[in-house]
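Enquirer: Before I ask anything, here is the structure I am working with.
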Amino acid sequence: MPKYGIPTMDDRRLWDAFIKGSYDRTAVVVADDLGIFSSLHEKPASVSALATHLGFDERATGVIVRLLASLGLLIPHDNRFHLAEDARLYLLKSSPFYWGHMMHFGVNERQCEMLIAKLEQKDSANAAGPLGALTVSGEGRSVDAWAAGQVPMQQARDIAARMHSHSLPAAIGAARNYDAVFFSNVWHDWNFRICRWLAERTFEILPSGGRIMLHEMLLDDDGAGPPTTAGFSMLMLLATQGQQFTFGELRSILEGAGFAGIETVSTYGYYSITTGYKR
């Protein structure tokens, strides 16, 4: 097993370059086309209220709204999202300064279609997973093969190589001699129901005094950033069953499974470790 030293600088610039611009315009175009900006202009709303009003999936609505807030186009206040002045001036079709037509130029149409499909699905936060149906997306996608344990070995190796490249620096920076169950870049692949299942199973197998540790990029407490993490959350929404979490969301899941003393510590780059204890 090779031994690695901690890199002399963190990898945030690489993350910024990887994420920046990839999903921002997709989110703006879809929000414009589906009426998110106009709806929030009429009445600021929580994620839940906005999803209900527009008939969208709440989990997907949360991901797109948080990304838009990280870009400064929405402002979170008192658990509701308000339209920022930039969006009021340039992203409302009724405005003489409307930028929507330009935003559509050269946008990734496939990403837009995928995001719209995610918004139009229902109750994705509670989709079946472990101990439920083996097919977790219902779409015949690769996530279904993973859930059923039917991934070709070469595909698994290729995916592992890609995951190694972006996970290793942060994992080294965070590594300690912990006697615990350690999930690194795992929970962001799965929805809330499956993460609750993971927390409950982990609580069952740990001895008293044991710890669960979650190594993830965390969104700000209000969900409105950092922009790279919010963009990464959009990638997780489109490519997996998951999303990035706030500390509060992870704490709620862990406490619901029985863990106590939940705390989080910034470790390396954009990453943090959230720890819960079985008392």
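The values are calculated or read from the model by the stated rules, or taken from the named source; none is laboratory data. Note that the coordinates shown come from a computational prediction; the quantities given were computed from them, not determined experimentally. Ideal geometry is used to build each Cβ from the backbone, glycine not excepted, and the neighbour counts take in all protein chains shown.
Enquirer: Could you give every pair whose Cβ atoms fall below 6 Å, whose first residue belongs to the range 39-68 and is under 19 Å from Asn126 (Cα atoms) and free of Cβ contacts under 8 Å to residues at least 24 places away in the same chain, and whose second residue is crowded, with 17+ Cβ neighbours inside 10 Å and of a type in the set (Asp, Glu), counting only separations of at least 6 or pairs across chains?
Expert: Every condition considered, the pairs that remain are Ser48/Glu58; Ala51/Glu58.
Enquirer: Also: From Arg279, Arg251, grab the single residue that is more than 16 Å from the chain's Cα centre (by Cα) and either touching a residue at least 60 places away in the same chain (Cβ under 8 Å) or part of a helix (DSSP H, G or I) (or both).
Expert: When all the criteria are applied, what remains is Arg279.
Enquirer: Do you know which of the residues in the range 181-212 that are assigned to a helix (DSSP H, G or I) and of a type in the set (D, E, K, R) is surrounded by the fewest Cβ atoms within 10 Å (Cβ to Cβ)?
Expert: Residue satisfying both the conditions and the ranking: Glu204.
Enquirer: Across the range 40-50, which residue is farthest from Tyr98 (Cα to Cα) among those that are more than 17 Å from the chain's Cα centre (by Cα) and part of a helix (DSSP H, G or I)?
Expert: Ala49
Enquirer: Do the conditions hold for Glu263, that is, is it acidic (Asp, Glu), over 22 Å from Arg66 (Cα atoms) and surrounded by fewer than 22 Cβ atoms within 10 Å (Cβ to Cβ)?
Expert: Answer is yes for this residue.
Enquirer: Working carefully through the options Ala51, Ala45, find the one that is surrounded by fewer than 22 Cβ atoms within 10 Å (Cβ to Cβ), touching a His at 6+ places or on another chain (Cβ under 8 Å) and closer than 26 Å to Glu249 by Cβ.
Expert: Ala45
Enquirer: What residue, of Phe37, Phe56, Phe81, Phe97, is assigned by TED's automatic domain parsing to the domain that holds Lys118, buried (at least 19 other Cβ atoms within 10 Å of the Cβ) and in a loop (DSSP other than H, G, I, E, B)?
Expert: The conditions single out Phe56.
Enquirer: Condition first: in a loop (DSSP other than H, G, I, E, B), over 18 Å from the mean Cα position of the chain (by Cα) and at pLDDT 75 or above. Now tell me which residues in the range 100-143 satisfy that.
Expert: If the condition is that a residue be in a loop (DSSP other than H, G, I, E, B), over 18 Å from the mean Cα position of the chain (by Cα) and at pLDDT 75 or above, then Phe105, Gly106, Val107, Asn108 are the ones that fit.
Enquirer: Against the condition farther than 25 Å from Ala117 by Cα, in contact (Cβ under 8 Å) with a residue 24 or more places away in the chain and either of a type in the set (Val, Ile, Thr) or in contact with a Phe, Trp or Tyr (Cβ under 7 Å, 6 or more places away or on another chain) (or both), how does Thr274 come out, does it pass?
Expert: Judged against the criteria, Thr274 is a match.
Enquirer: From the set of residues in the range 254-276 that are under 22 Å from Leu14 (Cα atoms) and outside any strand (DSSP E or B), which is modelled with the lowest pLDDT? Lay out the reasoning, then the answer.
Expert: Step one: filter the range 254-276 for residues under 22 Å from Leu14 (Cα atoms), giving 265-273.
Filter again for outside any strand (DSSP E or B), leaving 269-270.
Details: Gly269: 88, Tyr270: 91.
Here the answer is Gly269.
Enquirer: I would also like to ask the following. Looking at (1) part of a helix (DSSP H, G or I); (2) of a type in the set (A, V, I, L, M, F, W, C); (3) in contact (Cβ under 8 Å) with a residue 60 or more places away in the chain, which is the one condition that is false for Ile6?
Expert: Looking at each condition in turn, Ile6 falls short on (1).
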